[in-house]
Amino acid sequence: MTKTPDTPAPCAGMGDVHHSHPEEPMEQLSRRARVAVPELVVTCECDQSPREPCSGSHQPDEESICSDSGLSGSPASSLALRKLSNSSSTGLSPASSFEECEEDLMGYSDYNQSPGEPLTADLWKKSKNMVNWSPTPVAVKKRSPWVQVVGHAGNFQMGSDGRLLKKFCECEQQCFLQLMSDSLHPFVPGYYGVTQRDEQDYNLMDDLLADFDSPCIMDCKMGSRTYLEEELEKARECPQPRRDMYLKMIAVDPNAPTADERARQAVLKTRYMQWRETLSSTATLGFRIEGIKKSDGTCNTNFKRTKYKDEVIQTLEDFVDSNMLILRSYQQRLKELRGVLEKSDFFKAHEVVGSSLLFVHDLTGKAGIWMIDFGKTVPLPPPLTLDHRSPWVEGNREDGYLWGLDNFIDILTNILPEK
Ligand SMILES: O=P(O)(O)O[C@H]1[C@H](O)[C@@H](OP(=O)(O)O)[C@H](OP(=O)(O)O)[C@@H](OP(=O)(O)O)[C@H]1O
Ligand SMILES: Nc1ncnc2c1ncn2[C@@H]1O[C@H](COP(=O)(O)OP(=O)(O)O)[C@@H](O)[C@H]1O
């Protein structure tokens with residue numbers, strides 16, 4: 001789903017929700033101190049393609065329909081537009097134009113699995129060598145057009161029967177396979193293996209919007225850190241300053257780059273990510289709002305500076321049009337999720353970075369929240385486990401996911417009237 005220069009913006013931005021805060025509350029300052037931001041020094045420039053944990057699916061030449069600077073991209077392509085996120089003027093793209101077709105399934109299996117049933121790791125092992133298996137034809141549900149709120153442009157295609165194709169990423173596949181037999185199963189999209197379209201592999205999953213009618217959607221990136229420890233190590237060993245990220249940075253704050261970065265007209269990815277963390281609520285609250293699409297079709301991905309609790313509250317109230325019943329459903333669902341996360345074997349044993357919670361509700365009052373984007377969710381070396389609440393110190397791999405979830409739940413509890 002790529003915006004071409006001639007494509008009219010399908011959704012209007014809602015403006016910058018940043019409100020000036022002359023003084024930062026003490027509580028937030030102390031929260032910020034939890035995050036030790038390692039300094040990065042550029043010592044050399046390597047001419048290597050970046051090895052991204054699950055960014056193999058991100059093509060530098062893909063264009064974005066939703067980038068506020070319009071200048072995101074990969075190291076290889078400084079002006080390539082490939083991100084959907086963070087635009088005030090353009091937003092999501094209805095995927096209704098995607099042709100619906102049967103997928104050539106590589107992941108389905110007839111090993112006691114009914115069509116439509118999500119795949120488990122065992123079934124995957126048995127079935128991974130199967131190609132071009134045609135599932136029994138099933139009635140195609142009518143549904144609202146799928147929309148992508150944020151993320152990499154060109155990563156998704158609509159499938160048939162309420163499913164979605166996301167460009168294949170092995171890291172994500174491994175997570176989905178384990179998640180299908182973990183207690184977190186009800187909180188992630190059902191996974192159906194790998195499918196091919198136009199010689200491109202995709203992970204096939206449930207479209208979480210399929211059962212909603214003109215849904216309102218919010219993407220919140222969870223955790224206090226948005227890059228993996230291994231990305232930090234790599235940036236030290238082989239720094240690859242990025243011009244696209246420098247351009248995204250100065251589009252938001254021309255004074256943000258250091259003198260050295262200004263001279264190079266480039267910043268390291270980890271430095272850019274750290275800057276984004278402290279600019280938004282990631283560092284202070286352990287989550288940040290990435291984008292919102294409302295049922296009237298408006299979309300706002302301009303939340304880079306949404307940092308303080310009162311800004312988050314205002315954004316949440318606007319997202320639900322002040323409907324406290326919806327907020328209560330969300331609060332309940334988050335509490336359930338927290339309970340399951342605290343016991344999940346998968347969660348204990350993974351560093352969960354850059355993963356989002358997708359909030360979806362519609363005018364009927366139906367509401368749900370699911371975990372998405374496991375492109376940077378990586379297994380820990382046994383016996384290491386995380387509590388996901390301890391502050392991150394390089395080496396401990398803590399991601400602050402549960403700390404962010406606690407803060408999110410507290411914020412909802414503060415907004416909601418007591419029962
Ligand atoms: O949101 P903006 O400020 O545009 O920055 C983006 C997001 O952090 C992306 O994370 P997400 O995919 O969670 O949205 C990240 O992709 P990764 O997740 O691959 O790190 C992009 O890195 P590049 O893809 O390297 O540009 C980075 O440019
Ligand atoms: N299973 C899903 N069902 C419905 N929408 C989804 C699903 N997965 C992702 N999306 C949409 O796509 C966007 C980007 O998803 P994400 O997995 O984060 O992609 P990327 O890896 O490119 O960042 C989300 O904000 C959401 O709007």
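The values are calculated or read from the model by the stated rules, or taken from the named source; none is laboratory data. Quick caveat: nothing in here was measured; it's all calculated off a predicted structure. Here Cβ is always computed from backbone atoms with ideal geometry, including for glycine, and neighbour counts include all displayed protein chains. Heavy atoms of the whole protein, side chains included, go into the accessibility calculation; ligands, DNA and RNA do not. Shrake-Rupley method; radii C 1.70, N 1.55, O 1.52, S 1.80 Å.
Quick rundown of the values:
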| item | result |
| --- | --- |
| Pair list, Cβ < 6 Å and 6+ apart or interchain, from segment 175-203 residues that are under 17 Å from residue 164 (Cβ atoms) to residues that are open to solvent by less than 30 Å² (accessible area, probe 1.4 Å) and of a type in the set (Val, Ile, Thr) | 175/377; 179/188; 201/194; 202/195 |
| Test: residue in segment 334-344 that is assigned to a helix (DSSP H, G or I), in contact (Cβ under 8 Å) with a residue 60 or more places away in the chain and within 16 Å of ligand 1 (Cβ to nearest atom) | no |
| Some residue of segment 194-214 being within 12 Å of ligand 1 (Cβ to nearest atom), open to solvent by less than 60 Å² (accessible area, probe 1.4 Å) and aliphatic (A, V, I, L, M) | no |
| Segment 281-294, residues that are in a loop (DSSP other than H, G, I, E, B) and crowded, with 24+ Cβ neighbours inside 10 Å | 281, 286 |
| Enumeration of residues in segment 309-323 that are open to solvent by 20 Å² or more (accessible area, probe 1.4 Å) and either farther than 26 Å from residue 418 by Cα or in contact with a helix residue (DSSP H, G or I) (Cβ under 8 Å, 6 or more places away or on another chain) (or both) | 309, 313, 317 |
| Hits in segment 295-316 (condition: under 19 Å from residue 148 (Cβ atoms) and in a loop (DSSP other than H, G, I, E, B)) | 295, 296, 297, 298, 301, 302, 303, 304 |
| Which listed residue, of 380, 412, is open to solvent by 10 Å² or more (accessible area, probe 1.4 Å), aliphatic (A, V, I, L, M) and over 18 Å from the mean Cα position of the chain (by Cα) | 380 |
| From the options 225, 242, residue that is at pLDDT 95 or above, closer than 30 Å to residue 320 by Cβ, basic (Lys, Arg) and within 16 Å of ligand 1 (Cβ to nearest atom) | 225 |
| From 374, 408, residue being within 16 Å of ligand 2 (Cβ to nearest atom) and under 15 Å from residue 219 (Cβ atoms) | 374 |
| Qualifying residue in segment 302-320 (condition: of a type in the set (Ser, Thr, Tyr) and farther than 20 Å from residue 224 by Cα) | no |
| Of all residues making up segment 252-278, the number that are without any contact (Cβ under 8 Å) to a residue 40 or more places away in the chain and under 18 Å from residue 226 (Cβ atoms) | 5 |
| Which listed residue is outside any loop (DSSP other than H, G, I, E, B), of a type in the set (Gly, Ala, Ser) and surrounded by fewer than 20 Cβ atoms within 10 Å (Cβ to Cβ), from 390, 329 | 329 |
| Elements of type strands (runs of 3 or more DSSP E) contained in segment 171-272, each with 3 or more residues being in contact with a Cys (Cβ under 8 Å, 6 or more places away or on another chain) | none |
